[in-house]
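The values are calculated or read from the model by the stated rules, or taken from the named source; none is laboratory data. The shown structure was predicted, so the numbers you read here are calculated from the model rather than taken from an experiment. Cβ sites come from the backbone with ideal geometry, for glycine too, and all protein chains shown count toward neighbours. What goes into the accessible areas is simple: the full protein's heavy atoms, side chains included, and nothing from ligands, DNA or RNA. Shrake-Rupley method; radii C 1.70, N 1.55, O 1.52, S 1.80 Å.
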Amino acid sequence: KNKAKSLSLTMSSKKVTKCALLGVGLTLGYKYYCKKNAPSNREKREEKKLDCPFVVIEDEMYQIKEDGVNASMNVTAYEGELLPPFLSAKGIKWLNNNFKTNKLDVFIDTYAKSGTTLTIKLVHQILSTSQQKIASSDEKCMSDPWRAVPWIEADVSQELFRNKVEKPENFMKFIADSNKNESYRIWKSHMSFRNLIQNIDSNGECKVIHTLRNPKAVFCSYLSFFEKEPLVKYRGDKDTFFQWFCDGTVVHSNYWDHELEWIKAAKQRDNILLITFEEIVKNPIQSISKVSKFLNVSLNQEQIEDIADAISFKKMKEANQSSGAKILMNKGGVDRWKKVLSPSQSARMDRITRAKFNNCDINLIYE
């Protein structure tokens, strides 16, 4: 009987020891997993270094809110188009009334998070490879969404607000100097067609490259970006943001209406080229040839292949490793939406896209 009791205690002791070891193993494994997947100290420092070059236009900024929902977003607006709070109606109105484009102007226009930086780098590489003079661009900042090239509506808005002036003298000097030097001006813009290009492009001499991206990928990038962006300051959950995105009460308003306007404009104007983000990512050689032809620039095969390498996301990420802009760039994927959207959310976007883009001849790629 004592022997049986002793045996029972020994077996019980072994079970306790085994469980304890298993518990220690699980704890160590969990700690290892957390350590491996947690952001490094360097990454944390880089996030803190995010340095937005703009300030809020305080006399125009207001918040979007919804009754009964704990969410908000800072915006300004121009003619019903919602904008980030560092853009001003005053600045955009000045541009529409006073600035006229010419053959030196090349616009990269997108609905935000649709491949703006990638397209800017592609155009810059084409022009610089062909030895064209380019005004006010910095090769070191070419992967930085805020500093690569002048953001026309932001730069004018900021100059008028910061300097408390009626005319953007620095902007006007930049135009005069680049005209004199016959240097190309590469502009970034997120404005709708009706609220900028339609008004400042009276002669059709400028070039406009409008990049589209599938709305599911745009939403995912929007969500990632505006959770970090320091001035728009979206506060809320993913589902609320999804509802706002679909009904167009987010920065840059409704995705589908914005793109539909540009699709129609491109059919009416020869100086507007439509291209998709997915097209550039999946077929860079073909995309570079397409854009260079549109810009009337001749490139040989070796030059095209070098540009394709330069605009790869690997190279763009490497260029931004020590920059605060690193967190502004997402993975550049096409189908990341599959991990973010629920089946019902995905189906809702499909329904809206089919309804809005019917007979538009736009091939949006989701895979």
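Table: residues versus (1) of a type in the set (K, R); (2) within 18 Å of the chain's Cα centre (by Cα); (3) buried (at least 22 other Cβ atoms within 10 Å of the Cβ).
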{"residue": "P53", "(1), (2), (3)": "no, yes, no"}
{"residue": "L82", "(1), (2), (3)": "no, yes, no"}
{"residue": "G91", "(1), (2), (3)": "no, no, yes"}
{"residue": "T117", "(1), (2), (3)": "no, yes, yes"}
{"residue": "T129", "(1), (2), (3)": "no, no, no"}
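Consider the range 186-209 and keep the residues that are closer than 13 Å to L295 by Cα and not in a loop (DSSP other than H, G, I, E, B). The one that is most open to solvent (accessible area, probe 1.4 Å) is K207. Given the conditions (1) in contact with a strand residue (DSSP E or B) (Cβ under 7 Å, 6 or more places away or on another chain); (2) of a type in the set (G, A, S); (3) buried (at least 18 other Cβ atoms within 10 Å of the Cβ); (4) not in a loop (DSSP other than H, G, I, E, B), report the number of the one that A266 does not fulfil. Answer for A266: the failing condition is (3). Among the residues making up the range 352-367, those that are open to solvent by 100 Å² or more (accessible area, probe 1.4 Å) and touching an Asp or Glu at 6+ places or on another chain (Cβ under 9 Å) are N363, E367. The helices (runs of 4 or more DSSP H) located wholly in the range 63-175 that include 2 or more residues which are within 28 Å of S298 (Cβ to Cβ) and touching a helix residue (DSSP H, G or I) at 6+ places or on another chain (Cβ under 7 Å) occupy 116-129. Filtered by the rule that a residue be more than 11 Å from the chain's Cα centre (by Cα) and surrounded by fewer than 19 Cβ atoms within 10 Å (Cβ to Cβ), the range 210-228 gives E227, K228.
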